[in-house]
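The structure under discussion appears below in the form of structure tokens.
The values are calculated or read from the model by the stated rules, or taken from the named source; none is laboratory data. As the structure is a computational prediction, the values presented were derived from the model and not from experiment. When we count neighbours, we look across all protein chains shown, and the Cβ atoms used for this are built from the backbone with ideal geometry, even at glycine. When the accessible area is computed, the model is the full protein with side chains, heavy atoms only, and any ligands, DNA or RNA have been set aside. Shrake-Rupley method; radii C 1.70, N 1.55, O 1.52, S 1.80 Å.
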Amino acid sequence: MPKLPRVFTRPFGNHPWLFRKRVERVDPRANAGDLVAVVEGDGHPLGFGLLNPNSEILVRMLTRGSEPPQEDFWQQKLAAAITLRKDFLNLDAVTDAYRVLNAEGDGLSGLMIDRFGDVLSAEAFSLGMYERGVAILEMLGPMLGTKHWVLRPGPATMMQEGFNADPIKSPELPARVTIQEFGTRFRVDTAEGHKTGFFCDQRDNRRMLASLCKGKSVLDLCCYTGGFAVQAKKLGEAAEVTAVDLDEAPLALAKENANLNQVRIKFAQADAFAYMRDMLATGRQFDVVVLDPPKLIRNREELEQGTRKHFDLNRLAMQLVAPGGLLLSCTCAGLLPREEFLRLLHSASRQAGAEIPGSGVDGGHNRRAAREMQILHASGAGADHPIHTYFPEGEYLQAVWMRLA
């Protein structure tokens, strides 16, 4: 291998990201997307990674030490990822839809790959991984026995990585594919679906929720393509299920998924805030409420506003839970720490009770009693979304299970 361009930096520990502010200088021979050697200022080798001078994450590390990645590096990483899912977790016994490669969690920062039956759906968050994405997918396909693939740039690559790119698809990629989890079937839109097309990370949470739904009324807010709603009815034998989403396309697919499993679900295309206020106005409550909004905090500038949205959504959702009922509240905002999310939920419960007559300064009804809340369980993404020891930011999904008196 020719001598690699070098990036000179101050020591930065074992985190997989090397930020621009820690770098002293970059070899002028290095180009965006290149494999580079990362060394301390005195030349001591630290490791090797993929460079992007247009990003605040200047280098995404691949290996540590003085030896560069060998020719079989990618094959070994993919094989290790497959072994975890197929042999250790035995996921093929319960589903054909799971996360095959979880970026930093599997040692390949900047690339996520989900399996949907015969299709591999990849999302690249770095220029270096986007440039290598097709080769990785073509290597991974024969190892898993899949036939098709699609590679998309992440949703914020222009802002964070400084490049625009179009999705790349294998020649005969089907527009739709049908997968199953725990025997329930779902159609996945491989062409236009959000992110990789289906949220495998909620698989175990969907099954757990279903186990608590028998004979009950269920409301699934921000239902996307109906994962929680369909499993509540199909696996959980809920008495009635209502699913709400603002976007027309995923809601249409949610209806298809209900029909595919021959279950009856009431669907509503509506803004979650408006829908909940309408239900409160009519006095409607549900035994089980699922609140799984899209990502509301994408960067630190959105932290305050997104946290307020989470608070308002939960305050309204708690009022829709019948006494003794369950609220499953989720956030996929990795910038919202678990402690802050739990504090937010406690604060929302204090404003979610009935109005106290005459509690205001002028004797008006302007204060609410707190709803007693028991946290039963806190979970996250499935085990096919492993978290790197030195990358705690990878623990993005939080799911809190609460019983409200």
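General remarks:
- Residues that are open to solvent by 60 Å² or more (accessible area, probe 1.4 Å) and farther than 20 Å from Gln351 by Cα within the range 300-333 comprise Arg300, Glu301, listed in sequence order.
- Residues that are open to solvent by 10 Å² or more (accessible area, probe 1.4 Å) and either basic (Lys, Arg) or touching a strand residue (DSSP E or B) at 6+ places or on another chain (Cβ under 8 Å) (or both), drawn from the range 229-245: Lys233, Lys234, Leu235, Ala239, Glu240, Asp245
- Of residues in the range 85-108 being closer than 15 Å to Met143 by Cα and surrounded by fewer than 18 Cβ atoms within 10 Å (Cβ to Cβ), the one nearest to the chain's Cα centre (by Cα): Asp96
- Every pair of residues 6+ apart whose Cβ atoms lie under 9 Å, when the first sits in the range 246-260 and is touching a residue at least 40 places away in the same chain (Cβ under 8 Å) and within 14 Å of Gly227 (Cβ to Cβ) while the second is open to solvent by 30 Å² or more (accessible area, probe 1.4 Å) and of a type in the set (Phe, Trp, Tyr): Pro250/Tyr224; Leu253/Tyr224
- Hits in the range 40-49 - residues which are open to solvent by 10 Å² or more (accessible area, probe 1.4 Å) and part of a strand (DSSP E or B): Glu40, Pro45, Leu46, Phe48
- Residue match in the range 70-82 (condition: modelled with pLDDT under 95 and either of a type outside the set (Asp, Glu) or touching a Lys or Arg at 6+ places or on another chain (Cβ under 9 Å) (or both)): yes
- Flag for Asp292 being closer than 26 Å to Glu340 by Cβ and open to solvent by 10 Å² or more (accessible area, probe 1.4 Å): yes
- Of all the residues in the range 334-365, those that are open to solvent by less than 60 Å² (accessible area, probe 1.4 Å), outside any helix (DSSP H, G or I), of a type in the set (S, T, N, Q) and modelled with pLDDT of 85 or more number 0.
- Given (1) in a helix (DSSP H, G or I); (2) farther than 22 Å from Gly183 by Cα; (3) open to solvent by less than 20 Å² (accessible area, probe 1.4 Å); (4) hydrophobic (A, V, I, L, M, F, W, C), index of the condition Ile297 fails: (1)
- Just so you know, in the range 140-155 the residues that are more than 14 Å from Met112 (Cβ to Cβ) and of a type in the set (A, V, I, L, M) include one that is surrounded by the fewest Cβ atoms within 10 Å (Cβ to Cβ), and it is Met143.
- Scan of the range 50-79 for residues that are open to solvent by 30 Å² or more (accessible area, probe 1.4 Å) and either part of a helix (DSSP H, G or I) or aromatic (Phe, Trp, Tyr) (or both), ordered by number: Trp74, Gln75, Gln76, Lys77, Ala79
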